Each structure stands twice: as structure tokens, then as C-alpha cells.
């Protein structure tokens, strides 16, 4: 829904998400020479180039995310850029998008790139991150994954002809913390494949898919209102409806393991569940009453799901700058 221009065919389109406390970080240290050193702590990959020119002339990279961003911002001097993500690989919880946001913001600060002020600055960070990630994965990218990292909390992303607009949804974070379980399936999701196939079918005029998108857009608008009113029964019903519709969009969105996890969780008190991201693996989120949360988590773990320690992230992007006195 959030991939341009699909949302333009569904007036009033909105997506709703919440940020989780599974964080990403980017740290940049300027160097006295012109060397560019790229380090990914979570993937244990690193590479070094004698200069920006050498990096730019290389077509394949061990740390492509950092390399593409460094090429875009073109710092005058050398630097060491170190990134880290707490998200499992391919979890579908926007870990790569959050890392793009952190790295884009850090490089913009380092290079003094003028990105505007306040909301305009954040939106420009989102735009750069989204566009460069599209260069990386070579298929269209959606916009909503970048907003949790920017703002934290619960968000409604309005997808309108005059642009993309973020709205904070006022939800009691502690209440939501007590009602969700997040679990990793152990297999990375396949977002590029699933999203691209859905995109192609939509643009080609698949009527069934178009109808599903209309229904999903309606569910998202209702979800926005249900969350704002803390109507958890309605939230669960809408989550079930959305998952059912998404499964008809792509047969590969679920897997046998995901089906088992959802079945076990439902038997133990889960009210609704859905795959995070495009599916085919990654994470599954389960909604339950507070008193059932521990039972649901135990049932999911017993079926092979890796329950993640996650809460609603209260804050979004933060930038800290320190200067050496040595």
C-alpha cells in the first residue's frame, strides 16, 4: 500500500505502525587521512578504501548500505563509519530502514548537509533513506518502514496526492506493551520478491488484488480510529481481517512454521496475529489480553519461535555529537 504510486489509486490510504525497542545505531569518527573504513558490527563485515574515489569506483561492497550512503554524501575527508542493528537478519520489522535512517542522519550531520528544519528535515532524511535503499535492493520501496525510526511511538502515515504525512496516534504505550508478543521465525523474510510481485500485479490491473487493497485501506483507516480510542477488541478484529486479506495477495506470505506459531498462540489466548513486513519469514506479531501474554509467548517459543524482548519505543531518531579534546 505504501509503495508509490499504488496508494494514489486508493484515495484516503493510510498505514498504521508502532516502533519497537529493537534499536539500530550508526557511529562516525572523522579521520585525519582520506581513508574510508566501513564496519558492520551485527554482520561482522568490514572493508576499507584509501579514498572516497576508490570507494566510488568499486561496484560490489561488503557493507553496501554504508557504501551507498557515503557515496551520496561525499564527505571531504576520511572517516570510520560503524553500524549496528539489534534486529535479527530479515526480521521484517524495518531494521534495515531504521539503520538507513540512523546512518543518513549521522552523515548529514557530519557533512553539514542542509536538510531543512524540524519536520522538513526528518522528511528529507526519510526521502534520502528510501531512495538509496531502493538503489540497494533494486525494486520499489515503501515509505512507512522509515517512520518508526524517525518518530517512535504509534504512527498513522497518510498517503495523499500532495505528499506523505505523519500523524502521531496517542496510545498508552504501557497498555500496548502488555498486549503484544513479537517472535522471529528464524528465517529471513522475502520482501523484495513479495512486494515486487504484488506491485506488478497491481499495476497490471489485477482486479482481485485491487479489491483487496481497497479492503486493506478501509481496515487501516478503521485501525487508526480503534487505536486512538483504545478499543482493543476492534483492534484484534481488524488485525485478523487484514491478515486474511494479505494472505490472498501472495501465497508465499506465510510458511508452515508461521501457520504453526499462529495456531499455537491462538490456542493459548492470542486474539490475532500477522506477519511483519512482506512475509515469507521474518517476524510475527501476536495481540492478546494482558493476562494471556506469558502463555502466548511460551506457546510460541515451544513451537520454535524466538520471542524477542520488545516494547513500544518511546523515542525516535536521536543524534549525539561529541568532540575529542585530545
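Read the figures in this text as sums done on the coordinates, not as results from a lab. This one's a predicted model, so the numbers in the text were calculated from it and none came from an experiment. Every residue, glycine as well, gets a Cβ built from its backbone with ideal geometry; the counts of neighbours run over all protein chains shown.
Measuring from a point 7 Å past the Cα of residue 135 along Cα-to-C-beta, which residues in the range 71-93 have an amide N at less than 16 Å?
Flagged as within label range: 71-76.
Show me, bin by bin at 20 Å from 0, the whole-percent P(r) of the chain based on Cα pairs.
Answer for the chain: a P(r) of 31, 57, 13, 0 percent.
If you take every DSSP beta bridge fully contained in the chain, what fraction is antiparallel? Give it as a percent rounded to 5. Don't skip to the end; give the middle numbers.
Details: 39 of 44 bridges.
If I count the DSSP bridges inside the chain, around 90 percent turn out antiparallel.
Among DSSP beta bridges lying fully in the range 24-159, give the percent that are antiparallel, nearest 5.
70 percent
Go ahead and set up a Gaussian network model of the chain, Cα springs under 10 Å, then flag whichever of 220, 168, 66 fluctuates most.
Of the options given, 168 has the highest mean-square fluctuation.
For residue 248 and residue 41, compute 0.36 nm times the residue count separating them, minus their Cα-Cα distance, and round to one decimal in nm.
Numbers: separation 207, 0.36 × 207 = 74.52 nm, distance 3.79 nm.
Here the answer is 70.7 nm.
At each listed q (0.24 Å⁻¹), what is the log10 of I(q)/I(0) that the Debye formula gives for the range 1-49 modelled as equal alpha-carbon point scatterers?
Relative scattering, expressed as log10 I(q)/I(0), comes to -0.94.
So which residue, out of 256, 140, 148, gets the largest mean-square fluctuation from a GNM of the chain using Cα contacts under 10 Å as springs?
Most flexible of the set in this elastic network: 256.
Just to be sure I understand: with springs between alpha-carbon atoms less than 10 Å apart, which residue in 12, 304, 205 has the highest mean-square fluctuation in the Gaussian network model of the chain?
Fluctuation is largest for 205.
Quick check on the chain: helices-only [θ] at 222 nm, where DSSP H runs of length 4 and up contribute -39,500 (n - 2.57) each and the sum goes over total residues. Nearest 500, please. Could the numbers behind the result be given before it?
Numbers: 11 runs with 137 residues, N = 326.
Rounded to the nearest 500, the figure is -13000 deg cm²/dmol.
Provide the gained length on full extension for the span residue 319 to residue 80, in nm with one decimal, where the gain is 0.36 nm per separating residue minus the Cα-Cα distance.
Details: separation 239, 0.36 × 239 = 86.04 nm, distance 1.68 nm.
Gain on stretching residue 319 to residue 80: 84.4 nm.
How far apart, in nm, are the 7 Å Cα→Cβ label points at residue 228 and residue 204?
Between residue 228 and residue 204, the label points sit 3.8 nm apart.
Hey, any idea what Rg/Rh is for the range 24-159, computing Rh the Kirkwood way over Cα pairs? It would help to have the intermediate numbers written out before the result.
Details: Rg = 14.6 Å, Rh = 15.3 Å.
Expressed as Rg/Rh, it is 0.95.
Using a 7 Å offset from Cα along Cα-Cβ at residue 54, what residues in the range 1-44 end up with backbone N under 14 Å from the label point?
33-38
Seen from all sides and averaged, what is the projected area of the convex hull of the Cα atoms in the range 102-224, in nm²? Write out the running numbers ahead of the final one.
On the way: hull surface 41.4 nm².
Mean orientational projected area (the range 102-224, Cα hull): 10.3 nm².
Cut-off 12 Å, label point 7 angstrom out along Cα-to-Cβ of residue 301: give me the residues of the range 165-179 whose amide nitrogen falls inside.
Within reach of a label on residue 301: no residues.
Would you mind getting the Kirkwood hydrodynamic radius of the range 172-308 from its Cα pairs, rounded to one decimal in Å? All intermediate terms of the calculation are to be shown ahead of the outcome.
Values: mean 1/r = 0.0647 Å⁻¹.
Computed over Cα pairs of the range 172-308, the Kirkwood hydrodynamic radius comes out at 15.5 Å.
Helix 293-302 sits at what angle to the longest principal axis of the chain, using alpha carbons and giving 0 to 90 degrees rounded to 10?
80 degrees
Just to confirm the number: angle between the C-alpha axis of helix 207-228 and the first principal axis of the chain, 0 to 90 degrees, nearest 10?
Compared with the principal axis, the helix lies near 90 degrees.
Calculate how steeply helix 256-267 sits against the longest principal axis of the alpha-carbon atoms of the chain, using the helix alpha-carbon long axis, and give the answer as 0 to 90 degrees to the nearest 10.
Between helix and principal axis, roughly 50 degrees.
Roughly speaking, what is the centre-to-centre gap between the range 1-76 and the range 134-165 when only Cα atoms are used, to the nearest Å?
If we compute the Cα centre of each part, the gap is 16 Å.
Suppose the chain between residue 62 and residue 124 were pulled fully straight at 0.36 nm per residue; how much longer would it get relative to their current alpha carbon spacing? Intermediate values should be presented prior to the final figure.
Numbers: separation 62, 0.36 × 62 = 22.32 nm, distance 2.65 nm.
The residue 62-residue 124 span can extend by a further 19.7 nm.
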